[in-house]
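The values are calculated or read from the model by the stated rules, or taken from the named source; none is laboratory data. Computed from a predicted structure; not experimentally measured. Don't worry about glycine lacking a Cβ; one is built from the backbone with ideal geometry, like all the others, and counts go over all protein chains shown.
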Amino acid sequence: MDVMEAITKRRSIRQYNADRPIDDETVNMILEAAIAAPSAGNGQSWHFEVVRDASIKHKLATEAGHQHFLEQAPVTIVVCTDLERAEKGYGLRGRNTYSLQETAAAIQNMLLVVTSLGLGACWVGAFDEGCAAEILDLPKNFRPIAMIPIGEPAEPANRVPVRKKISDVVTFK
C-alpha cells in the first residue's frame, strides 16, 4: 500500500477481534515506524509502553472515560514523552511544544503502518494523564500523550469522514 492510500484508508477503529493477537514482529514494525518520525534536533523524546496485560488495559480503559475498546484490542501502545529529554536541547519550548509535535508525528507513522498492514487503531487522547502514569508506574518525567489500541478490525470501516475543502483551510500568500 502506498502512502496516499494508507492516508486515505486510515480510520479510527473502535471494534476489534479480541481473539486475534498481534505478534511481536508486527508490534516491532509499528514501533520502528514510530521512531522513524522526525524530532527536534533528533532528540527523540518519545517513549512507548506496550500493554498486553488485560488488567492494565482494563484500568486504562476505565480511566479513559470507560472507552472499553482499549481493553478489547490485543495490544495498546501508550505513547509518552520524556519531558527531561525534550527540555535538554530546547528548554521550555522543547518541553512544551516539540515533545508534543514529536509524539504526534510518531503516532501518525504508527497509524499509517497499522493501516498498511490491514489492522485497525484509534488515537485516544481523552484520558486522565496522572491516572495513566500511575497505572503504568511511569517515571515522573514521563508524560502519557496518547493511547493507541491496535488489533484486527471486527468490521470494516466504511464511513468516510467529511473533510473540509482546501479552500476552507488554506491561505495562499
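Sort out which residues of region 109-132 are in contact with a Phe, Trp or Tyr (Cβ under 7 Å, 6 or more places away or on another chain) and either in a helix (DSSP H, G or I) or modelled with pLDDT under 95 (or both), and write them in order of number.
Hit for region 109-132 is L111, nothing else.
Within the bounds of region 94-104, is there any residue that is loosely packed, with under 13 Cβ neighbours inside 10 Å, basic (K, R) and either out of contact with any Pro (no Cβ under 8 Å at 6 or more places or on another chain) or in a loop (DSSP other than H, G, I, E, B) (or both)?
No, region 94-104 contains no residue that is loosely packed, with under 13 Cβ neighbours inside 10 Å, basic (K, R) and either out of contact with any Pro (no Cβ under 8 Å at 6 or more places or on another chain) or in a loop (DSSP other than H, G, I, E, B) (or both).
Between a first residue in region 7-20 that is in contact (Cβ under 8 Å) with a residue 24 or more places away in the chain and a second residue that is outside any loop (DSSP other than H, G, I, E, B) and exposed (fewer than 15 other Cβ atoms within 10 Å of the Cβ), which pairs have beta carbons less than 6 Å apart while being 6 or more apart in sequence or on different chains?
Sorted first by the residue in region 7-20, then by its partner, the list stays empty.
Kindly establish whether A132 is crowded, with 20+ Cβ neighbours inside 10 Å and on the phi < 0 side of the Ramachandran plot.
So A132 fits the description; yes.
Suppose we keep only residues that are surrounded by 13 or more Cβ atoms within 10 Å (Cβ to Cβ) and of a type in the set (V, I, T) within region 8-22. Which one would you say is modelled with the lowest pLDDT?
I13
Looking at (1) over 18 Å from the mean Cα position of the chain (by Cα); (2) surrounded by fewer than 18 Cβ atoms within 10 Å (Cβ to Cβ); (3) under 19 Å from D137 (Cβ atoms), which one does R52 not meet, given that it meets all the others?
Of (1) over 18 Å from the mean Cα position of the chain (by Cα); (2) surrounded by fewer than 18 Cβ atoms within 10 Å (Cβ to Cβ); (3) under 19 Å from D137 (Cβ atoms), only one is false for R52: (1).
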